[in-house]
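Here the structure comes first, spelled out in structure tokens, and everything after it is commentary.
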Amino acid sequence: MTETAKPFWRGINHLALITNDMDSTTRFWHGVLGARLVAHLGNESFRHYFFEFGDEQTVAFFEYRDVVVERFQVPAGVPDRRKAQFDHLSFNLPDEHALEELQARLKSHGCEVTDVIDHGFVRSIYFNDPNGIALEASWWVVDPTGRIADYDD
């Protein structure tokens, strides 16, 4: 048996989620979070939109016509049987200033958002999208891959 080469990962191509309201989802992900809508497809039974969060990295949403998916909202890190396979999604920001700017932007759009939480090697804020999806925005204080992040305390 021959061994094949390990894949060279370039990041996450896309995370696919479901929404019951693509218009509200677009207003939040594009309008509030500032993610660029980079692609969409669909037909008479569904819409599928892709929002960019980095080079070749997107979060995508499906909206199925005539199918309502139960909405629930649980903060990140809180156990709940309905989220057995998905807890939350965290976006990477370059520094503390960017984290604080996003926090202020979320508040200015009427979104509930936590204070900055210092986890030691990473600092984060937590919030939810209109679908109840638990989200986090973080920046690495110390990059766990071995590179030290640039920041001033």
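The values are calculated or read from the model by the stated rules, or taken from the named source; none is laboratory data. These numbers were taken from a predicted model, which means no experiment stands behind them. Every residue, glycine among them, receives a Cβ derived from its backbone with ideal geometry; neighbour counts consider all protein chains shown. Remember, those area values only see protein heavy atoms, side chains included, never the ligands or the DNA or RNA. Shrake-Rupley method; radii C 1.70, N 1.55, O 1.52, S 1.80 Å.
Picking from residues in region 29-42 that are of a type outside the set (A, V, I, L, M) and under 30 Å from GLN103 (Cα atoms), the one that is least open to solvent (accessible area, probe 1.4 Å) is TRP29.
Can you find a residue that is open to solvent by 60 Å² or more (accessible area, probe 1.4 Å), farther than 14 Å from ASN131 by Cα and of a type in the set (Ser, Thr, Tyr) anywhere in region 4-19? Yes, region 4-19 contains at least one residue that is open to solvent by 60 Å² or more (accessible area, probe 1.4 Å), farther than 14 Å from ASN131 by Cα and of a type in the set (Ser, Thr, Tyr).
Residue by residue, here is whether (1) modelled with pLDDT under 90; (2) surrounded by 13 or more Cβ atoms within 10 Å (Cβ to Cβ); (3) over 30 Å from VAL141 (Cβ atoms) holds:
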residue: ARG27; (1), (2), (3): no, yes, yes
residue: VAL68; (1), (2), (3): yes, no, yes
residue: SER90; (1), (2), (3): no, yes, no
residue: GLU96; (1), (2), (3): no, yes, no
residue: LEU99; (1), (2), (3): no, yes, no
residue: CYS111; (1), (2), (3): no, yes, no
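Where strands (runs of 3 or more DSSP E) fall wholly inside region 8-122, the ranges with 3 or more residues that are among the aliphatic types (A, V, I, L, M) are 14-18, 36-42. Listed residues ALA104, ALA149; which is at pLDDT below 90, farther than 23 Å from ARG71 by Cβ and not charged (D, E, K, R)? Result of the check over ALA104, ALA149: ALA149. Being farther than 26 Å from GLY11 by Cβ and either more than 18 Å from the chain's Cα centre (by Cα) or touching a residue at least 40 places away in the same chain (Cβ under 8 Å) (or both), is that true of even one residue in region 82-92? Looking for residues that are farther than 26 Å from GLY11 by Cβ and either more than 18 Å from the chain's Cα centre (by Cα) or touching a residue at least 40 places away in the same chain (Cβ under 8 Å) (or both), one finds at least one in region 82-92, hence yes.
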